[in-house]
Amino acid sequence: MPRRAARRPTLVRLGFCRHALCRFTSVARLSVSYMLPRLLRGVVCVAGAVVFCLSAVADDWPSLRGPRFDGSAAVGDAALSSGPLQLKVVWKKPLGSGYSGVVKVGDVLVTAMADVDADKEYLIALTAATGKTLWKTETGRVMKGENGSFDGPVATPAVDSQRAYHLSPFGDFFACSLTDGSVVWSHNFVEDFAAEPNFYGFGASPIVHEGVVIVAVSAKDAAYMGFDPVSGKVLWKAGQDGAAFQAAVPVEVGGRSAVVAAGNTMLYAIEAKTGTVIWSQPHGGSQGMPAWSVVPVPLPGGGVFVSDGRESTTALNLTSAAATPRWAGREIRNSYCVPVMSGGLLCSYSSRFLVAVDPVTGKRVFRSRKPGNGFLATLADRLVVATLDGSLHIGDVSADGFSEVVSTQVFDSSAGSPDGLMWALPGVAGRSIYLRSLGAIARIDVQSGQASTLAESESVTGPKLAALLQQVESSDDRQAVVDRFMDGLRTPLVEGDVVQFLLQGDYDDVAVASELVGIRQERSMRRVAGTDLFYYGLRVPGNTRAAYAFYADYQPMLDPRNKRKVVSSTLVGEMEPNFLGPGKPLPFSWFDKGRPAMRLPPGTDSSAGTTRGKVEEFVLDSQHMKEKIPISVYLPPGYEQSDERYPVVFVHEGRVAMDSGNQLLIVDSLIAAGKIRPAIAVFIQRKFYPMMGANGYPQMFGGELLPKVAGDYRISFERKDRASLSGGFGATLALMGTLPASDQIGRIGCHSPFAFEMLHPAIKQLSSIPNDRCDVLIQWGTYEFRNPSENWDMTDQAKAIAAMLKQGGHRVTTEQTPVGSDWVCWRTQSARMWEFLVGQ
């Protein structure tokens, strides 16, 4: 039975393997709601399916996807459909953190937010005219941000003329009076329906259709449920599937008023009033894995677009019997954005790039780095872009690309605080756009008039490049000036604290990516007008080492003027951490700025060279992991002529440590130079992908590999002479494999351990195993892998891991090193690390 007062259930968010795919398989902590059938004035019939829509200018935005359920507004506003526009920020107010979008009915705006200091979340109503708070209703405690997320609620409320409906992250589902915010009725999905929460809690957004409140529940006997909006009574249950951040869209199927709704693996056509499943079928997921945020998007011709995978998406034609394939492709993928139709094209993002595809064929029409990664809506068929960085853009879409008409900076995300970041889709009602960031909410009015746009961000330049730009400006042969300057130049160009990346070529779009600016992002390079030279500079204080890659016309490439190159052990594709599984490794160029306190034997910064010691190979047929694992064993010079026992270091993720980290050559050189004792090094050629797990790895390491190495080679019996080493995800693997065997292993070395919060419970538990305590060295770089827009920084993770180990009684030393991340940087600290593990 529905309750009159909200509960605040306790929900523990652990779940390492079962829920771990959510955030990292392109799921943003956002959701989309569709609702308010009273606004429906027209119906369009095509191919047996009907998508509900409005034909007039709408003054309300009753769902995150608007009154037409497709992200569009002001469809009939001819005055805004062409010509210049002006944007005016009418009001802007502080607001607690959250991902919930803003919905509007009449003069009432509704969204959800977190008061982190008070540990409370609220459903809040404001006036559209001034932003004044009308009421605020507590909905439970704060869902803390972790694993690459921020604090606060996920779901977007739904509104009708009487009530607002909202699902809290802890499963409390409320109906609140629009008048004063009082709770009319509530359910708790966990207690009432045995629902399964997603890794980030509950995040589905409700819709109101045909007098029924419809929401994804993820109960054991229902993927979706329909509730009476007045009493909260359960009217129907439909489907059997898990659910997370999905939302339904109203359609008509075979003459029946229905919704198309997705679970984690299934797509349903459900009769709205009765809950009868008209048809159901698998939607494909992501190569067989659950898809957590499928939001059907109406397409012309009676179809829907389904973002059913991280690497691919699908368009379907709706019929009375099934959804049949229209096209499938990779042009829209790996994005948090819900697409919209603009200029006759389906617009969305592919990774961080704005793309448009033909809705009939799925073929890409254009791709653009500008105006930046974000979320979309339309106003009078013009594309509205709200970027993650807090800017608002309106432009025209055509086969020629995106042409910006007007833009403004609404929220400030440049000061290091996340408050200016926007992780909610824009709401558009009449001629007003409503945006909310992680720290504020704003109303921006749109009107005809002279356009203004944001200035392009400045690039830092050093004296030589600044002089070049002046020479080019005054020259009649600009290209010749550039060619003379670039002749024989080794790049990047470092002048004092300024590092300048330069690339020549016949390209339309060039960007540079590096840990210096963050992961899953790039910096657009500026073209020197009238030439083929692109440049971007940034200030980098102190000495360091860092890697970088160019993206020329969206394709990664090395710096042709820099012979120093390396293959990343951690990044693939478009600067994506490879925690999901094998991907195409990214090649990088790298450079030194000064001498970054390198602790590296001479001649070992290149993989060229031979070792004095001997390397043996064997394959471990692991019964625990059910796979064959190649093993390389380095034996120091003199091993075969000696009877003594040697220290041993087990190098996890050994192949990349050898290939990119030069660890085989480095340990051999350190021994030859007398910097460390002669030692055996065992390289375990097994990559760790956190989302795929490593079931059986600790048992393999402690129960199979260690005994075999001890039996086949003369390794020391002493714990203090046995160690483990790795970096990045491999460092996390080293901890997970070694801590259970700490009665046999005495030392652990970790370069930049990559371990999101989902791995913390396992590491914390392992660090408390009542075995012997270990000596641990944890290092991280000044320019560690991070993404401020997604609220993760591996420096924080390294510090958290160190704290857990200390709490477990292990003897932990921590060091910040003046470099970036990955093996090309970690190897600069190899002498220090091997001296710690083996000693002299």
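The values are calculated or read from the model by the stated rules, or taken from the named source; none is laboratory data. None of the values given here were measured: they were computed from a predicted structure. Neighbour counts run over all protein chains shown; Cβ positions are idealised from the backbone, glycine included. Ligands, DNA and RNA are stripped out before the accessible areas are found, and what is left, the full protein with its side chains, is counted by its heavy atoms. Shrake-Rupley method; radii C 1.70, N 1.55, O 1.52, S 1.80 Å.
In what order, largest first, do K233, K93 sit by accessible area if the probe radius is 1.4 Å?
Details: K233 125, K93 75 Å².
Descending order: K233, K93.
The trypsin sites (Lys or Arg not before Pro) of the stretch 377-464 include none that meets both criteria, a DSSP state outside H, G, I, E and B (loop) and at most 13 other C-beta atoms within 10 angstrom of the site's C-beta.
Within the stretch 476-545, which trypsin sites (Lys or Arg not before Pro) sit in a loop by DSSP and count at most 15 neighbouring Cβ atoms inside 10 Å? Display every interim value, and only then the final one.
Working: sites: R478, R484, R490, R520, R523, R526, R527, R539, R545; in loops: R490.
Filter output for the stretch 476-545: R490.
Looking at the stretch 205-238, none of the chymotrypsin sites (Phe, Trp or Tyr not before Pro) sits in a DSSP loop with at most 10 other Cβ atoms within 10 Å of its own Cβ. In the chain, a dipole from Cβ-located charges (positive for Lys and Arg, negative for Asp and Glu) runs towards its positive end, and of Q829, Y551, S475 it is Q829 whose Cα lies farthest in that direction.
Using the Karplus relation 6.51 cos²θ - 1.76 cosθ + 1.60 with θ = phi - 60°, the per-residue 3J(HN,Hα) values for the stretch 751-759 come to 8, 6, x, 8, 8, 4, 4, 5, 8 Hz, with x marking Gly and Pro.
Per-residue surface analysis assigns T127 an accessible area of about 20 Å², computed on protein heavy atoms at 1.4 Å probe radius.
Pairs spanning more than 21 Å between alpha-carbon atoms, out of K104/K233; K93/K120; K614/K708; K764/K806; K136/K237: K104/K233; K136/K237.
Along the axis of the charge dipole computed for the chain (Cβ charges of +1 for Lys and Arg, -1 for Asp and Glu, origin at the Cα centre), the listed residues G638, M658, A323 are led at the positive end by G638. Using only side-chain charges placed at the Cβ, +1 for Lys and Arg and -1 for Asp and Glu, the dipole size of the stretch 46-192 relative to its Cα centre rounds to 480 debye. Centre-to-centre, using Cα atoms only, the stretch 720-779 and the stretch 188-206 are separated by 34 Å. Near the amide H of A429, within less than 5 Å, lie the amide hydrogens of Y434, all on another chain or at least 5 residues away, with H placed in the peptide plane. Sorting S726, S606 on solvent-accessible area from highest to lowest, probe radius 1.4 Å, gives S606, S726. Here the accessible area is traced with a 1.4 Å probe on the protein chains. For the stretch 755-840, carbon and sulfur cover 46 percent of it.
Given Cβ point charges of +1 (Lys, Arg) and -1 (Asp, Glu) and nothing else, what value in debye, to the nearest 20, does the dipole of the chain about its Cα centre take? Working shown, then result.
On the way: 83 positive and 82 negative charges, 201 e Å.
That gives the chain a dipole magnitude of about 960 debye.
Would you please put 807-815, 566-574, 744-752 in order of how densely packed they are, using the mean number of other Cβ atoms within 10 angstrom per residue and starting with the highest? Write down the numbers at each step before the final one.
Values: 807-815: 15.3, 566-574: 21.1, 744-752: 26.0.
Ranking the peptides 807-815, 566-574, 744-752 by packing returns 744-752, 566-574, 807-815.
Ignoring ligands, DNA and RNA, how do Y165, Y336 rank by accessible area with a 1.4 Å probe, largest first? Don't skip to the answer; put the middle values down first.
Details: Y165 0, Y336 25 Å².
Correct descending sequence by accessible area is Y336, Y165.
In the complete set of protein chains, residue-level accessible area for V838 is approximately 10 Å², probe 1.4 angstrom.
Using a cutoff of 8 angstrom between alpha carbon atoms and counting only pairs six or more residues apart, the relative contact order for the stretch 133-197 works out to 23 percent. Between T453 and K708, the modelled labels are 6.1 nm apart [label points 7 Å from Cα along Cα→Cβ].
Rolling a 1.4 angstrom probe over the stretch 606-745 with all protein chains present gives an accessible area of which 48% lies on carbon and sulfur atoms. Normalised per residue, the accessible area of the stretch 337-432 is 29 Å², obtained with a 1.4 Å probe and no contribution from ligands, DNA or RNA.
Ignoring ligands, DNA and RNA, what percent of the accessible area of the stretch 342-447 is carbon or sulfur (1.4 Å)? Before the final figure, lay out the partial values.
Numbers: 1270 of 2940 Å².
C and S fraction of accessible area: 43 percent.
In a reduced charge model with +1 at each Lys and Arg Cβ and -1 at each Asp and Glu Cβ, the stretch 534-647 shows a dipole moment near 600 debye about its Cα centre.
Considering helices alone, the calculated mean residue ellipticity of the chain at 222 nm is -3000 deg cm²/dmol, with DSSP H runs of length four and up weighted by -39500 (n - 2.57) and normalised per residue. Rolled with a 1.4 Å probe across the full set of protein chains, the surface gives K806 an accessible area near 110 Å². Dipole of the chain computed with +1 at Lys/Arg Cβ and -1 at Asp/Glu Cβ about the Cα centre; of M422, V251, N771, farthest Cα towards the positive end is N771.
Remark on V406: its backbone amide H falls under 5 Å from those of I394, a criterion applied only to residues 5 or more positions apart or on other chains, H modelled at 1.01 Å from N. At full extension, K628 and A321 could sit 105.8 nm farther apart than now, given 0.36 nm per residue minus the alpha carbon distance. Extending 7 Å from Cα along the Cβ direction at D412 and again at D743 yields two label points whose distance is 5.9 nm. Separation of the stretch 459-493 from the stretch 391-453 is 36 Å, based on Cα centroids.
Remark on L134: its backbone amide H falls under 5 Å from those of A125, L126, T127, a criterion applied only to residues 5 or more positions apart or on other chains, H modelled at 1.01 Å from N. Under 14 Å of direct C-alpha separation, and excluding same-chain neighbours fewer than eight residues apart, K273 reaches these aspartates and glutamates: E210, D228, E252.
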